[in-house]
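*Asks:* Mind having a look at this structure? Questions to follow.
The values are calculated or read from the model by the stated rules, or taken from the named source; none is laboratory data. Everything quoted here is computed from the prediction, not taken from an experiment. Positions of Cβ are generated from backbone atoms using ideal geometry, with glycine treated the same way; all protein chains shown enter the neighbour counts. To get the accessible areas, we keep the full protein, side chains included, count just its heavy atoms, and leave off ligands, DNA and RNA. Shrake-Rupley method; radii C 1.70, N 1.55, O 1.52, S 1.80 Å.
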Amino acid sequence: MQATILSLPTADLFAQGLESQSGAALLRFGAARPRPADRAGWSGGGAAAWLDEPRGHVWSVGEPTAAAGLTLRAFHQLPGEIREFTAPRGVDALLGRHLAVTDPVAWVFRWTLEEPPPHPAEERVTELGEAHHSELLAFLTEHSPAHSTGPGASNVSLWAGIRDDAGRLVACGALSALPDSGAPLMVSVATDAALRGQGLGAALTSWLTRCAVRRYGLCALWQLADNTAAGRLYTRLGYRDEDPCVAARISPH
């Protein structure tokens, strides 16, 4: 496999036309916005990869064997800098033949450009500000301890929630951003464990999706591959299901 490493302007990552193919939405939304011209990037063999330098994270899309080769090349050409990756499903096993790959998690990157059908409970959703951060943190700690993003995170543009008749928070969620591009990303959607199945999460997800599409023209999210219930909801809301990914760490030893 032939590959290149360049100081790539963002546009050069699209030289193979991969962004228009199924399974390459991460390239379209994750690297499409203007970034510094000295971004490290790799391409070749039907795959493209780019570096989120502050995190030491390599993102890749395209044919899995080629994507694995680009990630391996990045690891060797930037010694000590590559600590983790997100790639097409199967790349973890391919890289594991050469590197110490740990903590693999299967995800689906999902996205939509359309507002979802109205949900009757969306009218209960309200925006939450900095004054509610302590309340949000306590709620997430109790009902979603593995939440990806907490109150006060710098890349969050808004928090929203639903309250019951007594004013108690019963659901919450946020709009954040993909770390490399700034594209809108829904995160930390959680519902009171005792009230699940009543449509609160669906209402909040619908509201956040509508907000993102109206503001930015799209909304994206990460779905754990084995979360079938969430997958059915996202499908009903119009999210595309074309980008099976795996995320993992690379141990230096």
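*Asks:* Given the conditions (1) surrounded by 20 or more Cβ atoms within 10 Å (Cβ to Cβ); (2) closer than 19 Å to residue 178 by Cβ, report the number of the one that residue 215 does not fulfil.
*Replies:* (1)
*Asks:* Hey, among 180, 165, 226, which residue is open to solvent by 50 Å² or more (accessible area, probe 1.4 Å), charged (D, E, K, R), under 30 Å from residue 96 (Cβ atoms) and not in a strand (DSSP E or B)? Working first, answer last.
*Replies:* Values: 180 fails: open to solvent by 50 Å² or more (accessible area, probe 1.4 Å); 165 fails: under 30 Å from residue 96 (Cβ atoms).
From the options 180, 165, 226, the qualifying one is 226.
*Asks:* Need a quick list: strands (runs of 3 or more DSSP E) entirely within the range 35-143 having at least 1 residues that are among the β-branched types (Val, Ile, Thr), within 18 Å of the chain's Cα centre (by Cα) and within 30 Å of residue 165 (Cα to Cα).
*Replies:* On the way: elements: 40-44, 47-52, 57-62, 84-88, 100-112, 125-128.
Of the strands (runs of 3 or more DSSP E) lying wholly inside the range 35-143, none has at least 1 residues that are among the β-branched types (Val, Ile, Thr), within 18 Å of the chain's Cα centre (by Cα) and within 30 Å of residue 165 (Cα to Cα).
*Asks:* Can you give me the number of residues within the range 144-159 that are part of a loop (DSSP other than H, G, I, E, B) and of a type in the set (A, V, I, L, M, F, W, C)?
*Replies:* Step one: of the range 144-159, the residues part of a loop (DSSP other than H, G, I, E, B) are 144-157.
When the remaining residues are screened for being of a type in the set (A, V, I, L, M, F, W, C), the result is 146, 153, 156.
Residues meeting the conditions: 3.
*Asks:* Moving to a separate point now. Any idea which of (1) loosely packed, with under 14 Cβ neighbours inside 10 Å; (2) under 30 Å from residue 19 (Cβ atoms); (3) of a type outside the set (A, V, I, L, M, F, W, C) is the one residue 157 doesn't satisfy?
*Replies:* All conditions pass for residue 157, except number (1).
*Asks:* Condition first: of a type outside the set (Phe, Trp, Tyr), in contact with a helix residue (DSSP H, G or I) (Cβ under 8 Å, 6 or more places away or on another chain) and outside any strand (DSSP E or B). Now tell me which residues in the range 205-223 satisfy that.
*Replies:* Filtering the range 205-223 for residues of a type outside the set (Phe, Trp, Tyr) gives 205-206, 208-215, 217-221, 223.
Of the ones still in play, those that are also in contact with a helix residue (DSSP H, G or I) (Cβ under 8 Å, 6 or more places away or on another chain) are 205-206, 210, 218-221, 223.
Once the filter is applied, which keeps residues that are of a type outside the set (Phe, Trp, Tyr), in contact with a helix residue (DSSP H, G or I) (Cβ under 8 Å, 6 or more places away or on another chain) and outside any strand (DSSP E or B), the range 205-223 yields 205, 206, 210, 218.
*Asks:* To continue, here is another question. What number of residues within the range 140-152 are surrounded by 15 or more Cβ atoms within 10 Å (Cβ to Cβ), out of contact with any helix residue (DSSP H, G or I) (no Cβ under 7 Å at 6 or more places or on another chain) and closer than 25 Å to residue 53 by Cβ? Step through it out loud before you land on a result.
*Replies:* Pass one, the range 140-152, residues surrounded by 15 or more Cβ atoms within 10 Å (Cβ to Cβ): 140, 143-144, 147, 149-151.
Remaining after also requiring out of contact with any helix residue (DSSP H, G or I) (no Cβ under 7 Å at 6 or more places or on another chain): 140, 144, 149.
So of that shortlist, the ones also closer than 25 Å to residue 53 by Cβ come out as 149.
Result for the range 140-152: 1.
*Asks:* Taking the residues in the range 107-148 that are among the aliphatic types (A, V, I, L, M) and in contact (Cβ under 8 Å) with a residue 60 or more places away in the chain as candidates, determine which candidate is nearest to residue 248 (Cα to Cα). Walk me through it before giving the result.
*Replies:* Initial filter on the range 107-148 (among the aliphatic types (A, V, I, L, M)): 108, 113, 121, 125, 128, 131, 136-138, 140, 146.
The next check asks that each one be in contact (Cβ under 8 Å) with a residue 60 or more places away in the chain; those that pass are 108, 113, 121, 125.
On the way: 108: 14, 113: 28, 121: 37, 125: 35 Å.
Of everything passing the filter in the range 107-148, 108 is nearest to residue 248 (Cα to Cα).
*Asks:* Please go through the range 183-203 and pick out each residue that is within 18 Å of the chain's Cα centre (by Cα) and not in a loop (DSSP other than H, G, I, E, B).
*Replies:* The first filter runs over the range 183-203 and keeps only residues within 18 Å of the chain's Cα centre (by Cα), leaving 183-190.
184, 185, 186, 187, 188, 189, 190, listed by residue number.
*Asks:* Checking residue 175 against (1) in a helix (DSSP H, G or I); (2) under 23 Å from residue 218 (Cβ atoms), which test does it fail?
*Replies:* (1)
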